[in-house]
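Structure, as structure tokens:
Read-outs throughout are calculated quantities, based only on the coordinates presented, and are distinct from any laboratory measurement. Since we're looking at a predicted model, the values are computed, not measured. Please note: Cβ atoms are built from the backbone with ideal geometry, for glycine as well, and neighbour counts cover all protein chains shown.
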Amino acid sequence: MKKEMPLVYIVLLNYNGVNDTIDCLKSLQNVNYAEMKTIVVDNASTDDSVAKLKSVQPEYDFLLLTGNENNGFSAGNNIGIKYAMKNNADYVLLLNNDTVVEPDFLSYAVEASEKDDNVGLTIGKILYYKEPELIWYGGGELQKPYFYAKHSGFRENKDAPEYNIQKYVTFATGCYFLLKRKTIESVGMLEEDYFMYCEDTDYCFRINKSNQKILYCPKSVIYHKIGASSGKGSDFSTYYIARNTIILLKRFLPFYRRLIPRLFWYYKMFRSSISGKLNTEAFWKGVRAGIKAESGKSDNL
């Protein structure tokens, strides 16, 4: 580690999830990394989130920024990133508000990042909050030729040795993004066209194209309350994943390379729809919207 401890800004995005956000803030109070500041961006919540956050500010010492409109995950996080960059951040950590962290998670991640100039983004091991012995994310890869982002170690035991090895990966979930300043300066902000879902795949693809590395640091551990914000398999998630996958393929693949991944996604999601795991109507709405190149927040839901 460098002699001067890098300054890390942690950005939490809140939308009608104040209780989860406060739980996360509580866990951040125990973090043993000294040069850390926390920003909570409220993404135009429609409940009493802002009032509750203001009431706990003296106790948890964070900056509260508020958006005028909910323009999605990327837009909300970009508010925090811009503030951090203007205020001398060496790193910006995007952290889901429905997580809690181990006290040493940030120290391990920053130390690993500082030792490797090739690294632009670092992510740790993510365990289930309700099943802390099981892995939700233990590394990840962008699978070719399907252009499919896959978690490694999914529901494996947290102590499995193959998921306790520090290594380069090609995909990191947006649940936990530790970004170097140079990465944000060279790769840019999160893409706001998606509104919700696929923005992390987009960003990882851009980092990989820039020849910077994504580092998996298994000593850095957090816990995720899976699905607390939008609900796995909801009409909301089904629509945006279907639409945004098509946007993603158009953005990064030439026309002749889109057929295999598109067929793969159609098959994967259609199989889930006929088994009742997701809504068929929401799926096809999303497909049609993606083909029409619709982006941002949708009025179709």
Placing +1 on each Lys and Arg Cβ and -1 on each Asp and Glu Cβ in the range 235-291, then taking the dipole about the Cα centre, the residue among Tyr266, Ser237, Phe252 whose Cα reaches farthest towards the positive end is Phe252
FRET efficiency for Lys144 and Leu64 from the Cβ-Cβ distance with R0 = 41 Å, rounded to 0.05, comes out at 0.45
If one builds a Gaussian network model of the chain from Cα atoms under 10 Å apart, the most fluctuating residue listed among Tyr176, Tyr83, Tyr267 is Tyr267
Checked against a 18 Å limit on the C-alpha separation, the offending pairs among Lys115/Lys150; Lys115/Lys219; Lys182/Lys250; Lys37/Lys86; Lys182/Lys219; Lys130/Lys225 are Lys115/Lys150; Lys182/Lys250; Lys182/Lys219
The range 235-291: relative contact order from alpha carbon pairs under 8 Å, six or more residues apart, as a whole percent, is 62
For the chain, the longest principal axis of the Cα atoms and the Cα long axis of helix 73-86 enclose an angle in degrees, to the nearest 10, of 30
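Evaluate E = 1/(1 + (r/R0)^6) for Lys250 and Glu185, where r is the Cβ-Cβ distance and R0 equals 41 Å; express this FRET efficiency to the nearest 0.05. Walk me through the numbers on the way to the answer.
Working: r = 26 Å, r/R0 = 0.64.
Efficiency, rounded to the nearest 0.05: 0.95.
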Expressed in µm² per second, the diffusion coefficient of the range 1-123 from the Stokes-Einstein equation, with Rh the Kirkwood radius over alpha carbon pairs, at 10 °C and 1.306 mPa s, is 107
If each part is reduced to its alpha-carbon centroid, the range 13-71 and the range 144-181 end up apart, in Å, by 26
Among Val187, Gly286, Thr122, the residue whose Cα sits farthest towards the positive end of the charge dipole of the chain, when +1 is placed on the Cβ of each Lys and Arg and -1 on the Cβ of each Asp and Glu, is Gly286
In debye to the nearest 20, the charge dipole size for the chain, taken about the Cα centre with +1 at each Lys and Arg Cβ and -1 at each Asp and Glu Cβ, equals 1240
Which of Lys180, Lys144, Lys167 fluctuates most in a GNM of the chain (C-alpha springs under 10 Å)? That residue is Lys144
Mean-square fluctuation maximum in Gaussian network of the chain, Cα pairs under 10 Å, restricted to Ile79, Ile135, Ile274, hits Ile274
Surrounding charge for Asn19, neighbours by C-beta under 13 angstrom, Lys/Arg +1, Asp/Glu -1, total -2
CD proxy, 222 nm, the chain: helix-only mean residue ellipticity via -39,500 (n - 2.57) per DSSP H run with n ≥ 4, per residue, nearest 500, stands at -11500 deg cm²/dmol
Convex hull around the C-alpha positions of the chain: the volume in Å³ per residue is 130
The extension gain from Asp235 to Phe154, computed as 0.36 nm times the residue separation minus the Cα-Cα distance, is 26.8 nm
Between Ile260 and Asn300, Cβ-based FRET efficiency (R0 35 Å, step 0.05) works out to 0.80
Stokes-Einstein D for the range 235-291 (20 °C, 1.002 mPa s, Kirkwood Rh from Cα pairs), in µm²/s, comes to 191
In degrees, nearest 10, the alpha-carbon axis of helix 199-209 is tilted away from the dominant principal axis of the alpha carbons of the chain by 80
